[in-house]
Amino acid sequence: MPDWQALVRSQLDGLALKPHERAEVIEELAAHLDETFEGARRQGFAEQDAAQRCLSEVKDWRDLRRRIQTARTMENIMTNRVKQFWLPSLLTLLLSMGLLALIQIFGPNPWMVARHSGWSLVAPVAVVYIPWLLSLPLIGAMGAYLSNRAGGSQRAVFSSIVFPVLPIWSFFWLGFL
Amino acid sequence: MIGVGIKRGTAELAVLSILEEGPLHGYEMARRIEEQTKGALRFTLAALYPMLYRMEQRRWIRGSWETSDTGRRRRRCYRLTPAGKKKLSPLRQEWSELFQALRRLKKVANA
């Protein structure tokens, strides 16, 4: 009987998965070929014909490698990206915006910042809500915790912290131009 | 013989349906589908495993290693998850609607 493990291992060489995942895929596909071979033998095929039948299960090994890779990693990446970046980021943005709206309605009067030109104030005027600013580190920490818990890299954790800052910073930057 | 495109669309339904009967490993799954469809649906290794891995990533099925009765072979058995069971019903409905629509189309064509 052909060594299916060796065949699959050589054909799927370069399958970019974690070593134990790659070993599992190789073992599983080899077991399938093994059973296909035995099934063909039971049906009365000669050893060579049975082996040929097994080999015809895969016409393009490179394509199979690519499709296994995609199936086992791409959706993982997408799911991880959602869990590690998008979900914490959007949650921090939503919370910070929601809290800002609440503070605007129920909170203390904001601190007004304006540019001076001689004796008169010139628009735009920045309205700073101190309680809201104080809450941002907490919201950022929550985003960081969620991203970190989902296994996010340092970059993903940092990005989910600063994500709500970016639209606000852009707004102020445009305002002061 | 059913064309490749249609087969691809029905493949997930076939796998979910066959797993509804109980946990199976890849080879047995392919064998039963071929047997029950009288050869109309045949899964090669190249077609079956990328799809199983994709369905596993979507958490419709779950694979776990089991040793065969004789104890000489380790095989990965797949079983339907609650999410997979939930997916099966609307998938069946969609395909049923499609076949009904095609039957109606045939009637129109024959009229």
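The values are calculated or read from the model by the stated rules, or taken from the named source; none is laboratory data. Remember, it's a predicted structure, so these values are computed and weren't measured experimentally. Cβ placement follows ideal geometry from the backbone for every residue including glycine, while neighbour counts extend to all protein chains displayed. With ligands, DNA and RNA removed, areas are computed over all heavy atoms of the protein, side chains included. Shrake-Rupley method; radii C 1.70, N 1.55, O 1.52, S 1.80 Å.
General observations
- Accessible area (Å², 1.4 Å probe, nearest 10) - residue A:58: 10
- Estimated 222 nm signal from helices in chain B, with DSSP H stretches of n ≥ 4 weighted -39500 (n - 2.57), rounded to 500: -21500 deg cm²/dmol
- The charge dipole of the protein assembly as shown, taken about its Cα centre with unit charges on the Cβ of Lys, Arg, Asp and Glu (plus for the first two, minus for the last two), comes to roughly 600 debye.
- Taking chymotrypsin sites (Phe, Trp or Tyr not before Pro) across the range A:124-177, the ones in a DSSP loop with at most 11 further Cβ atoms lying within 10 angstrom of their Cβ are A:176.
- Under the span-like rule (Cα at least 20 Å along the axis, Kyte-Doolittle mean at least 0.5), DSSP H helices of chain A: A:87-106, A:130-149
- Taking every DSSP helix (H) stretch of at least 4 residues in chain A, weighting each as -39,500 (n - 2.57) and dividing the sum by the residue count yields a mean residue ellipticity at 222 nm of -21000 deg cm²/dmol.
- Taking 0.36 nm per residue of sequence separation and removing the Cα-Cα distance, the residue A:158/residue A:60 pair yields an extension gain of 31.1 nm.
- About its Cα centre, chain B has a charge dipole of approximately 180 debye under the convention of +1 per Lys or Arg Cβ and -1 per Asp or Glu Cβ, with nothing else charged.
- Simple spin-label estimate for residue B:93 and residue A:127 gives 4.7 nm between the two label positions (7 Å along the Cα-to-Cβ direction from each Cα).
- Put simply, chains A and B cover up around 2300 Å² of each other's accessible surface, both sides summed, when a 1.4 Å probe is used.
- Taking a point 7 Å out from the Cα of residue A:82 in the direction of its Cβ, the residues of the range B:45-85 whose backbone N falls within less than 18 Å of it are B:53-62, B:81-85.
- The long axis of helix B:82-110 is offset from the longest Cα principal axis of chain B by roughly 30 degrees.
- Over the protein assembly as shown, the Kirkwood radius and the radius of gyration, each from Cα atoms, give a ratio Rg/Rh of 1.20.
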